Amino acid sequence: MKGIRLQLVTLNLEDGTVGTFVGIPLVTEETPEQDCQIEDIWFSDTQTIPEDMTVAQLVSLMQRQLCHCQGALQ
């Protein structure tokens, strides 16, 4: 079975709220530290997805969103 690499990002807000986000890995053990600095953060609108959506379908949705985001930043 082919695997899909995913990474969890957890953010802690000052008010104690914690959010965990799932995404395609940005940073690996091989990534130089100077290349890991955050330049920008962008949040999409909240979307409702089907309960039976597969991980592959979710990753495809994320990739389309990323393409849209990158196109908007140019």
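The values are calculated or read from the model by the stated rules, or taken from the named source; none is laboratory data. Here the structure is a predicted model, which means the values were calculated and not measured. Methodologically, a virtual Cβ is constructed for each residue, glycine included, from the backbone with ideal geometry; neighbour enumeration extends over all protein chains shown.
Consider region 20-63. How many of its residues are modelled with pLDDT of 80 or more, surrounded by 10 or more Cβ atoms within 10 Å (Cβ to Cβ) and not hydrophobic (A, V, I, L, M, F, W, C)?
Total meeting the criteria: 7.
Consider M1 carefully, then state whether it is part of a loop (DSSP other than H, G, I, E, B) and modelled with pLDDT under 80. Quick ask: steps written out before the conclusion?
Details: part of a loop (DSSP other than H, G, I, E, B): yes; modelled with pLDDT under 80: yes.
Considered against the rule, which asks whether it is part of a loop (DSSP other than H, G, I, E, B) and modelled with pLDDT under 80, M1 comes out as yes.
Just to check your reading of the model, which residue among T46, T20, T31 is out of contact with any helix residue (DSSP H, G or I) (no Cβ under 8 Å at 6 or more places or on another chain), under 20 Å from Q65 (Cβ atoms), among the polar types (S, T, N, Q) and assigned to a loop (DSSP other than H, G, I, E, B)? First the steps, then the outcome.
On the way: T20 fails: assigned to a loop (DSSP other than H, G, I, E, B); T31 fails: under 20 Å from Q65 (Cβ atoms).
Result: T46 is the single residue among T46, T20, T31 that is out of contact with any helix residue (DSSP H, G or I) (no Cβ under 8 Å at 6 or more places or on another chain), under 20 Å from Q65 (Cβ atoms), among the polar types (S, T, N, Q) and assigned to a loop (DSSP other than H, G, I, E, B).
Out of region 1-37, which residues are in contact with a Gly (Cβ under 9 Å, 6 or more places away or on another chain) and farther than 16 Å from Q63 by Cβ? Talk me through it step by step, then tell me what you get.
Taking region 1-37 and keeping what is in contact with a Gly (Cβ under 9 Å, 6 or more places away or on another chain), we get 6-13.
Of everything in region 1-37, those that are in contact with a Gly (Cβ under 9 Å, 6 or more places away or on another chain) and farther than 16 Å from Q63 by Cβ turn out to be L8, V9, T10, L11, N12, L13.
Can you give me the number of residues within region 4-17 that are within 10 Å of the chain's Cα centre (by Cα) and outside any loop (DSSP other than H, G, I, E, B)? Reasoning before the result, please.
First pass over region 4-17, keeping only residues within 10 Å of the chain's Cα centre (by Cα): 6-9.
Keeping just the survivors that are outside any loop (DSSP other than H, G, I, E, B) gives 7-9.
Selection size over region 4-17: 3.
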